[in-house]
Amino acid sequence: MLAGKRATRVGDEILKCAAGLLMQKVKDPRVNGITLTGVHISDDLKNATIFFSLIGNEDNVKRAQAGLDSAKGFIKREIGLWIKLRNVPEIVFKHDPTLEAGNRLEKLFHKIRTEDPGDDVEQQ
């Protein structure tokens with residue numbers, strides 16, 4: 001028997017399959033630049049939430065969400081062909097802001113590193 005929960009293993013396969021589909025088969029330009037960051041699947045394998053990240057403003061995120069929602073049926077059908085399950089989980093795409101937060105922190109750290117260190121040092 002394989003180690004780990006079945007839901008985790010199935011979720012990993014769903015994430016790999018969805019990422020491959022977005023890169024190769026989904027032709028919608030609204031989904032360009034999307035990174036799939038994770039998946040949460042219920043223990044009964046009926047619901048799957050796929051998290052995506054996109055660096056950009058709120059309009060880009062809304063446009064990407066609309067593109068993913070329109071491709072949801074195609075992705076679900078292809079996952080059903082790829083992974084042999086009795087019932088393919090209902091898929092929900094949800095934006096994951098952690099990549100943007102990390103990018104924002106990296107810019108702040110870069111700004112701190114490039115500032116003149118003599119400005120904040122007290123005279124002793």
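Just so it is clear, none of the values below were taken in a lab; they were calculated from the coordinates. Owing to the predicted nature of the structure, the values given are computational and were not obtained by experimental measurement. As a convention, Cβ positions derive from the backbone with ideal geometry for all residues, glycine included, and neighbour counts pool all protein chains shown.
Going by C-beta contacts inside 10 Å, put 110, 95, 40 in order with the fewest on the left. Kindly include the intermediate steps, with their values, before the conclusion.
Details: 110 10, 95 18, 40 14.
Arranged by neighbour count, lowest to highest, 110, 95, 40 become 110, 40, 95.
Would you mind telling me the antiparallel percentage of the DSSP bridges in the chain, rounded to 5?
Just about 50 percent of them are antiparallel.
Considering the Cα positions of segment 6-115, please state its Rg to one decimal place and its Dmax as a whole number of Å.
15.8, 59
Taking amide H atoms as placed 1.01 Å from N in the peptide plane, list the residues 5 or more away in sequence, or in a different chain, whose amide H sits under 5 Å from that of residue 47.
Those lying under 5 Å, H to H, from residue 47 are 42, 90.
Rounded to the nearest 10 degrees, what's the angle between the helix 58-82 long axis and the longest principal axis of the chain, both from Cα atoms, 0 to 90?
Long axis of 58-82 versus the principal axis of the chain: about 30 degrees.
How many angstrom separate the Cα center of segment 87-103 from the Cα center of segment 57-83?
Cα centroid to Cα centroid, the span is 11 Å.
Could you list the GluC sites (Glu not before Pro) in segment 31-124 that lie in coil according to DSSP, counting only those with at most 14 other Cβ atoms within 10 Å of their Cβ?
115, 122
How high is the FRET efficiency between residue 70 and residue 12 when r is their beta carbon distance and R₀ equals 25 Å, given to the nearest 0.05?
Values: r = 25 Å, r/R0 = 1.00.
Efficiency for this residue pair is about 0.50.
Which one, 101, 112, 29, projects farthest toward the positive side of the charge dipole computed for the chain from Cβ point charges (K/R +1, D/E -1)?
Projecting each Cα onto the dipole axis, the largest value belongs to 29.
Sequence gap at least 6, Cα distance under 8 Å: using those rules, report the relative contact order of the chain to the nearest whole percent.
Contact order relative to length: 26 percent.
Near the amide H of residue 34, under 5 Å away, which other amide H atoms are found, from residues 5 or more places off or on another chain, if H is placed in the peptide plane?
Residues meeting the criterion, in which the H sits 1.01 Å from N, do not exist here.
Per residue of segment 30-46, what does 6.51 cos²θ - 1.76 cosθ + 1.60 with θ = phi - 60° give for ³J(HN,Hα)? Whole Hz please, x for Gly and Pro, Karplus curve as stated.
So the J values, rounded to whole Hz, are 5, 9, 5, x, 7, 10, 7, 9, x, 9, 10, 10, 5, 4, 8, 6, 9.
Where is the GNM fluctuation largest for the chain (alpha-carbon springs, 10 angstrom cutoff): 101, 71, 48?
Looking only at 101, 71, 48, the largest GNM fluctuation is found for 101.
Quick one: helix 6-24 against the long Cα principal axis of the chain, what's the angle to the nearest 10°, folded into 0 to 90?
Helix 6-24 sits roughly 80 degrees off the main axis of the chain.
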